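Step one of this worksheet: look at the structure below.
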Amino acid sequence: MREKAALTDAEMKIMLRLWDHHPQTMMELTRDLEQETHWSKYTVITLLKRMEAKGTVTVDETGPVKTYAPAVQKADFAREQTHSLVRDLYGGSAALLVSGLVENGSISPKEVEELMEMLRKAKP
């Protein structure tokens with residue numbers, strides 16, 4: 001997958017909605033986000049235009065209104081973001097990332113067991 005441009009927090013809110021349900025119109029997204037963000041339709045339009053330019057959403061103009069959909073699957077995006085995080089902040093060491101999560105208590109004992117099981121099953 002070609003690395004997509006990073007998303008702002010605002011753009012991520014839209015992507016999460018689109019991954020859950022797509023395609024959506026600008027008005028559907030505005031209504032869905034209104035309680036949480038208080039954004040006007042103009043804010044949503046601006047964000048969608050930016051996201052289209054970045055290549056993170058696609059626009060279908062064949063119907064009576066434009067509809068928007070994610071240009072990348074959530075799992076692919078998460079994998080790329082994880083790779084970037086490990087590369088950029090942890091010098092390529094996934095062990096340092098996990099160590100940081102363990103040290104600050106971000107991983108529950110159950111998650112530690114799940115990680116241990118994944119590591120046991122991993123191919124060297």
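Placing +1 on the Cβ of every Lys and Arg and -1 on the Cβ of every Asp and Glu, with nothing else charged, gives the chain a dipole about its Cα centre of roughly 320 debye. Taking max minus min of the alpha-carbon positions on each principal axis, region 23-124 gives extents of 53, 30, 24 Å, largest first. Comparing S106, S40, S93 in a Gaussian network model of the chain (Cα springs below 10 Å), the most mobile by mean-square fluctuation is S106. So which of K13/K49; K13/K66; K54/K110 end up more than 26 Å apart by C-alpha? Beyond 26 Å: K54/K110. Taking the chain as a Gaussian network of alpha-carbon nodes connected by springs under 10 Å, the highest mean-square fluctuation of the residues T58, T37, T82 belongs to T37.
Measuring nothing but how far apart in sequence close Cα pairs (under 8 Å, 6+ apart) lie, relative to its length, the chain scores a relative contact order of 21 percent. Taking Cα atoms only, the orientation of helix 74-89 departs from the longest principal axis of the chain by about 60 degrees. Helix 109-121 and the longest principal axis of the C-alpha atoms of the chain enclose an angle of approximately 80°.
If you plug the beta carbon distance of Q81 and K41 into 1/(1 + (r/R0)^6) with R0 = 30 Å, you get a FRET efficiency near 0.60. Applying the criteria of a DSSP loop state and at most 13 other Cβ atoms within 10 Å to the GluC sites (Glu not before Pro) of region 1-109 yields E3, E61. Taking the chain as a Gaussian network of alpha-carbon nodes connected by springs under 10 Å, the highest mean-square fluctuation of the residues L96, L18, L48 belongs to L96.
Read-outs throughout are calculated quantities, based only on the coordinates presented, and are distinct from any laboratory measurement. Small disclaimer: the values here were computed from a predicted structure and weren't measured. So basically every Cβ, Gly included, is an ideal-geometry build from the backbone, and we count neighbours across all protein chains shown.
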